[in-house]
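We did not get these values from a lab; they are worked out from the coordinates using the rules stated. Every value quoted in this text rests on a predicted model; they were computed, and no experiment measured them. Cβ coordinates were reconstructed from backbone atoms using ideal geometry, including for glycine residues, and neighbour counts include every protein chain displayed.
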Amino acid sequence: MWRERKNKVPSGSNAYFECYLTADQDAPDTVDKPGKRARDCVDVPSSSLIRTEPNRTAAVAPVDFFPALSAVPGLVHGFLTRVPGVMVDTDRADAVSRLAPHHAEALASLGIPADALNTAEQVHGSGIIVCGGPADRSGICAAGMDGLVTGSAGIWLGIYVADCAAVWIVDPLRRVCAVVHSGKKGTELGIVPATIGLMKETFGSDPDSLVVQVSPCIRPPAYEVDFAEDIRRQCAASGVPTDRIHDEGVCTARDPGRYYSYRTERGRTGRMLAVVGFRSA
């Protein structure tokens, strides 16, 4: 495994995170979450993990990369992990505000403008939105959604997780990509196969050509449900070849030095950020 890291200490605004959710919005699915509300949101190869090496004197979010996605021409992706030295023992809104400038610096290193990142409210549902209009180039937070899809180059998508899985779904032939938030409830609702179906219907994607990557997420024995296994099974049932479904089997709860875990840290923690998009030709 290789790791690399920028040494520049970030600066800048965290305004692009102002569409984030109130605390507990993405709590584990087995926990009741009263008063869930979005804030300021608008409607609108090998699978071995390649990790960046954290420089403990820097404050840029480390980024994990996945060879299955890196092999897709023109695709930009990353999984921003725990930021060393940033205190996140607080509610969600405050935690993501503290992480914002560090995420922005990491996104910039990927060529993604932080204020152009499209995100979703993430309500543990099955809502999916297609991004591609002019407004989506300046970043939206899609209310009521848990999945983002685009067939347009230069449109950047992001999903936040802290035990739930982020799932990348990529069509290398038609240059269509998606990132989906799928924990226990989202998996039960079938958001991943629904996204595959939407890509097929909207863009003509052939499931046989798709590449799927499941992020690090909570797993047994730290959690009673292996929703990552269910996601892989759903993808296969949707027609994705098993050798194109990738999952390193990493448990977020077992590596608190690298990943945020809602369950392990009792709901007071930060969020990882999964991003994807195709470069403009």
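Full-extension gain between residue 266 and residue 201, please, as 0.36 nm times their residue separation minus the C-alpha to C-alpha distance. Could you put the intermediate results ahead of the total?
Details: separation 65, 0.36 × 65 = 23.40 nm, distance 4.02 nm.
Fully extending the segment from residue 266 to residue 201 adds 19.4 nm.
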Two-decimal ratio, region 120-267, of alpha-carbon radius of gyration to 2.2 N^0.38 Å
1.01
Suppose R0 equals 30 Å; then what is the FRET efficiency for residue 188 and residue 280 from their Cβ-Cβ distance, rounded to the nearest 0.05?
0.20
To the nearest 20 debye, region 193-240 has a Cα-centred charge dipole, built from +1 on Lys and Arg Cβ and -1 on Asp and Glu Cβ, of 60 debye
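Place the peptides 192-205, 233-246, 263-276 in order of packing, highest mean first, counting for every residue the other Cβ atoms within 10 Å and averaging per peptide.
263-276, 192-205, 233-246
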Quick check: pseudo-label points 7 Å beyond the Cα along Cα→Cβ at residue 110 and residue 208, how many nm apart are they?
3.1 nm
Within 10 Å, count the other beta carbons around each residue, average over each peptide in 220-226, 176-182, and list them highest first.
176-182, 220-226
In whole Å, what is the distance between the alpha-carbon centres of region 209-281 and region 110-170?
16 Å
Under the Karplus relation 6.51 cos²θ - 1.76 cosθ + 1.60, θ = phi - 60°, what is the ordered set of whole-Hz ³J(HN,Hα) values for region 162-175, x standing for Gly and Pro?
8, 2, 5, 8, 9, 10, 8, 10, 10, 9, x, 6, 9, 6
